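Structure, as structure tokens:
The values are calculated or read from the model by the stated rules, or taken from the named source; none is laboratory data. Here the structure is a predicted model, which is why all the values come from computation and not from measurement. Reconstructed Cβ throughout: ideal geometry from the backbone, glycine too, with neighbour counts over all protein chains shown.
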Amino acid sequence: MARIKVGKGRCEVTIDGALASSLETELREALGPVGTTMQSAADGILKDARADWPVKSGKSKASLADSLRVHPDSFQVEVVLYSPLSYVRYIKSTKVGSKDESVRDRSPFQDLLRKPAREAEKTLAKTLPGVVGKALTGG
């Protein structure tokens, strides 16, 4: 199901359903290869996160999703990774290891989603100007 988030934080509005699917199609056509590059990075992060996510009931793993976020004041569009469940941020698991130093509490949300997303943002900051240049020159 298509979902678009407009704004950020407390003023965020989520659009879903038929209206969101038509808007998402138009936004992705306007973004062209830039949107495809951002979406492929998000898909890779989600695939890796789902493979390593700690499973107890499976609800938190199944709730991981991505959507387009539009910032109306600055005309920025980004792909965001999120979970609509509020407790996903507070799930803790332990690292596997035989030494005392290797076993510690950690948040899979932080380790599997937020850190890779920050790394992908740094990588995309270097690669997207070339993608935009190719798109503008028609190559």
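Quick notes on this one:
- In region 124-139, the residue that is modelled with the lowest pLDDT out of those that are assigned to a helix (DSSP H, G or I) and surrounded by fewer than 10 Cβ atoms within 10 Å (Cβ to Cβ) is 136.
- The single condition among (1) buried (at least 18 other Cβ atoms within 10 Å of the Cβ); (2) at pLDDT below 90 that residue 9 does not satisfy is (1).
- Here the condition is being farther than 22 Å from residue 9 by Cα, modelled with pLDDT of 90 or more and not charged (D, E, K, R); of 98, 40, it holds for 40 alone.
- Pairing residues of region 27-56 that are in contact (Cβ under 8 Å) with a residue 12 or more places away in the chain with residues that are polar (S, T, N, Q) and surrounded by 12 or more Cβ atoms within 10 Å (Cβ to Cβ), at Cβ distances under 6 Å and at least 6 apart in sequence or on separate chains, gives 54/93.
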